[in-house]
1. Place a label point 7 angstrom from the Cα of Glu173 along the Cα-to-Cβ direction, then list the residues of the range 323-364 whose backbone nitrogen is under 15 Å away.
2. Would you list which lysines come within 25 Å of Lys145, measuring only between C-alpha atoms, while excluding same-chain residues fewer than 8 positions from it?
3. In the chain, what percentage of the DSSP-assigned beta bridges are antiparallel, given to the nearest 5?
4. Using a Cα-Cα cut-off of under 22 Å, which lysines could be cross-linked to Lys249, ignoring same-chain neighbours fewer than 8 residues away?
5. Mind checking which aspartates and glutamates have their C-alpha under 17 Å from Lys284, skipping anything on the same chain fewer than 8 residues away?
6. Mean-square fluctuation check for the chain, GNM, Cα pairs under 10 Å: which of Thr375, Thr138, Thr408 is largest?
7. Counting only the heavy atoms of the protein chains, how much of Glu77 is accessible to a 1.4 Å probe, in Å² to the nearest 10?
8. Stick to Cα atoms and the Kirkwood definition of Rh, then tell me Rg/Rh for the range 279-435.
Amino acid sequence: MLEPLYTAEEMRAAEQGHDVEELMRRAGGAVAEEVLRRFPRDRSFAAVCGGGANGGDGRIAAELLRAAGWEERALGEADVVIDALFGTGFRPPPRDEAASQIRAMNASGSPVLAVDIPSGVDASTGEVPGEAVDAAVTVTFHGRKVGLEVAPGRFRAGEVVVSDIGLEHRTTELARVLPEIVRLVPRRIPGDTKYTAGSVLVVGGSPGMTGAVTLTAEAAFRADAGYVAIAAPPESLPVIETRLREAVKRPLDEAMEAAERAEALAIGPGLGPGRDDLVHRLLKDTELPAVIDADGLRELRPFDREAPTVLTPHSGELGRLLGEGAPWVDEHRLEALRRAVDGFRCVVVLKGEGTLVGAQDEGPLVAGGAAPLATAGTGDVLTGVVAAFLAKGMEPRLASAAAVRAHTDAVAASGRRSGLMAGDLLDALPRVLDA
């Protein structure tokens, strides 16, 4: 259910004791094989090779392609470009000459196949502080590298092909969450009631933002919670009543009372400004698992709370919590995640393509996230799924990872790639959980 993601140091450890030349032969062979398979109508290539082992992989691939009848040409004239400039041990940014070579590859007009990792991407963090190759495909060896899955590096990798070169798999700090994780979500059993199946209280829904709270509540139902209540401002309740019949509605000033029947809290969707005291009271005076999103994060301060707690910010929200701008978070996603986990001492879900889940004393997880989810309301849906899984008794890191994976897989299950709306995910969620 978790696939290892390797840092440069972890790859060096995996390669220790192995014949370097034999590993290069296998890697170069894998690259040549992928070129021949992927580009069967092409007959020419250009290889940009550095001086290290990655360059050696590229040179072996070039020899094999020439033996297969392919012609080696200059950049701009070749059908396919092989990027073997830098490998996993490279520390960006590239120097001027290398940066010029990277720009030339990107400007060649030909598809680029990167060897192990696109040159210019930090294999251990995904950071891209300078020029980096835009690959159409990356052939990586032994296992996926962190920089191929964590943005912004993942945006440079294209399609990732993993080639086995005969190394033993090891435990890594980071891992990629696979779809099978949703099998760990507790299913209803004979004798369950609507409360024991998972009871969620959603707190939010100010006027003009009732859609957020109803999306969260319906997502909790679709994630198999048995009972969902909404606490919202009184003026919003009539609108919420017409949008969602199944949820119990309570005025916002009765949120603490409503929490007595809940097994988990979802705080923040459409809550609006000026509710910080309520957010802190719910966190301080209840021992319920809680997921905090959107307006619940607005003025959140580090807290001392023993109950399971999950924050689900996007880069702008996390930037505000850390005193940084959203661009900094986007450029340093792992560092931002670790700072948030250390500061708030809880599980943090940094949303985006390549959503990250961080927890104290455990390695980060790349749990999912897809481009079609970049639309209004999908974060509210995720909040409801996390809350439902928490209400079912799941440990918060696992609940968050499973929720992100289910949320991501619901995109494919919805049948939509373009024009996806948050509501499309709701009908798809049960299909994902039943798969």
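The values are calculated or read from the model by the stated rules, or taken from the named source; none is laboratory data. All of these numbers come straight from a predicted model, not from anything done at the bench. Glycine also receives a Cβ, built like all others from the backbone with ideal geometry; neighbour counts cover every protein chain displayed. Accessible surface is based on the protein model in full, side chains and every heavy atom, while ligands, DNA and RNA are left aside. Shrake-Rupley method; radii C 1.70, N 1.55, O 1.52, S 1.80 Å.
1. Counting only backbone N, you get 333-342, 357-364.
2. Lys351
3. Expressed as a percentage, antiparallel bridges in the chain total about 20.
4. Lys194, Lys392
5. Within reach: Asp253, Glu254, Glu257, Glu260, Glu263, Asp276, Asp293, Glu299, Asp304, Glu306.
6. Thr375
7. Taking all protein chains as shown, Glu77 has close to 120 Å².
8. 0.95
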